[in-house]
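Below you'll find the structure, written out as structure tokens, and then a few comments.
The values are calculated or read from the model by the stated rules, or taken from the named source; none is laboratory data. The structure presented is a predicted model; accordingly, all values stated were derived computationally and were not measured. Note that we place each Cβ from the backbone using ideal geometry, even for glycine, and neighbour counts take in every protein chain shown. Just the protein is used for accessible areas: all its heavy atoms, side chains included, with ligands, DNA and RNA removed. Shrake-Rupley method; radii C 1.70, N 1.55, O 1.52, S 1.80 Å.
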Amino acid sequence: HGRVYEYLQNRNLVAVDQQSIVSETPLNPGYDDNRFGGQVGGPIIRNKAFFFANVEYDKLREDVVPGLLLGPTASGWAALDGMPNLSQNNLNVLKKYLGTATSPTGDVSTVNGVDIPLGSVAQTLTRHNNILTAVGSLDYNLRDTDVLRGRFVTNRWDYQDYAAQLPQFWIAAPQNYYLATVTEYHNFSPSVINELRL
């Protein structure tokens, strides 16, 4: 016996949020969740050996608008470019990934005694999570008084560490877990059972 299934949710299937219309934020930001899996089980040897397997994979992509990101305006970058003793390499990397604010917000950052005008920098960040979960089992009836069972469980979670505000500096942070057991059950009597598990 077995079954297969899929759960799908994405931006094209979700109604527009009224609050997004009022606040003029993106109406349907990207959100794609595709979860699919299957199960199968049955006898290997009639009345003697049996198997079961369950696998599920969840692939999630989500666009998020971060909190307020401030970056230098064009005049701010020009002021930074003209400063002595600043690493041009670091400045170019920051300029490449942060971008330029189109208009000042009134915020400033002081560098070497010079006020650098800042403004909001638009960024849309895409996060992802991939989760694989699997369970496998084998049962074998050795005799009426002895049963041997094996189990294997795995959870593999591939996601990003979102601690940095800029997505270019997010890093992969996979977490993988595995569990395997072998168990032997022996019935000494209807009221006494021994379980040996490794």
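Could you please let me know if Glu56 is closer than 20 Å to Asp158 by Cβ, modelled with pLDDT under 95, under 17 Å from the mean Cα position of the chain (by Cα) and acidic (Asp, Glu)? Steps first, answer last, please.
Numbers: closer than 20 Å to Asp158 by Cβ: yes; modelled with pLDDT under 95: no; under 17 Å from the mean Cα position of the chain (by Cα): yes; acidic (Asp, Glu): yes.
Against the criterion (closer than 20 Å to Asp158 by Cβ, modelled with pLDDT under 95, under 17 Å from the mean Cα position of the chain (by Cα) and acidic (Asp, Glu)), Glu56 does not qualify.
For region 168-197, how many residues are open to solvent by less than 90 Å² (accessible area, probe 1.4 Å) and either outside any strand (DSSP E or B) or under 22 Å from Ala134 (Cα atoms) (or both)?
Qualifying residue count for the region: 11.
Does at least one position in region 38-49 carry a residue that is at pLDDT 95 or above, open to solvent by less than 60 Å² (accessible area, probe 1.4 Å) and under 27 Å from the mean Cα position of the chain (by Cα)?
Scanning region 38-49, I find at least one residue that is at pLDDT 95 or above, open to solvent by less than 60 Å² (accessible area, probe 1.4 Å) and under 27 Å from the mean Cα position of the chain (by Cα), so the answer is yes.
Inspect all residues belonging to region 74-96 and state whether any of them is open to solvent by less than 80 Å² (accessible area, probe 1.4 Å), at pLDDT 85 or above and of a type in the set (Ser, Thr, Tyr).
Yes, region 74-96 contains at least one residue that is open to solvent by less than 80 Å² (accessible area, probe 1.4 Å), at pLDDT 85 or above and of a type in the set (Ser, Thr, Tyr).
Exactly one of these conditions fails for Tyr5: (1) assigned to a strand (DSSP E or B); (2) more than 32 Å from the chain's Cα centre (by Cα); (3) exposed (fewer than 15 other Cβ atoms within 10 Å of the Cβ). Give me its number.
With (1) assigned to a strand (DSSP E or B); (2) more than 32 Å from the chain's Cα centre (by Cα); (3) exposed (fewer than 15 other Cβ atoms within 10 Å of the Cβ) applied to Tyr5, the lone miss is (2).
Does Gly99 satisfy the condition of being at positive phi and either surrounded by 14 or more Cβ atoms within 10 Å (Cβ to Cβ) or modelled with pLDDT of 90 or more (or both)?
yes
Write out, first by first residue and then by second, each pair whose Cβ atoms fall under 6 Å of each other, whose residues are 6+ apart or on separate chains, and whose first residue, in region 45-60, is in a strand (DSSP E or B) while the second is of a type in the set (A, V, I, L, M, F, W, C) and crowded, with 16+ Cβ neighbours inside 10 Å.
That search, which allows pairs on different chains as well, returns Phe51/Leu138; Asn54/Val135; Val55/Ala134; Tyr57/Leu132; Asp58/Ile131.
Could you list, in sequence order, all residues of region 103-141 that are of a type in the set (A, V, I, L, M, F, W, C), assigned to a strand (DSSP E or B) and touching a residue at least 24 places away in the same chain (Cβ under 8 Å)?
First, pick out the residues of region 103-141 that are of a type in the set (A, V, I, L, M, F, W, C): 108, 111, 114, 116, 118, 121-122, 125, 131-132, 134-135, 138.
Those left that are additionally assigned to a strand (DSSP E or B): 108, 111, 114, 116, 118, 125, 131-132, 134-135, 138.
Within region 103-141, Val111, Val114, Ile116, Leu118, Leu125, Ile131, Leu132, Ala134, Val135, Leu138 meet the criteria.
Do we find a residue being in contact (Cβ under 8 Å) with a residue 24 or more places away in the chain, in contact with a strand residue (DSSP E or B) (Cβ under 9 Å, 6 or more places away or on another chain), open to solvent by less than 30 Å² (accessible area, probe 1.4 Å) and farther than 30 Å from Asp32 by Cα anywhere in region 153-166?
no
Can you name the number of the only condition in (1) at pLDDT below 85; (2) at negative phi that Glu24 fails?
Condition not satisfied by Glu24: (2).
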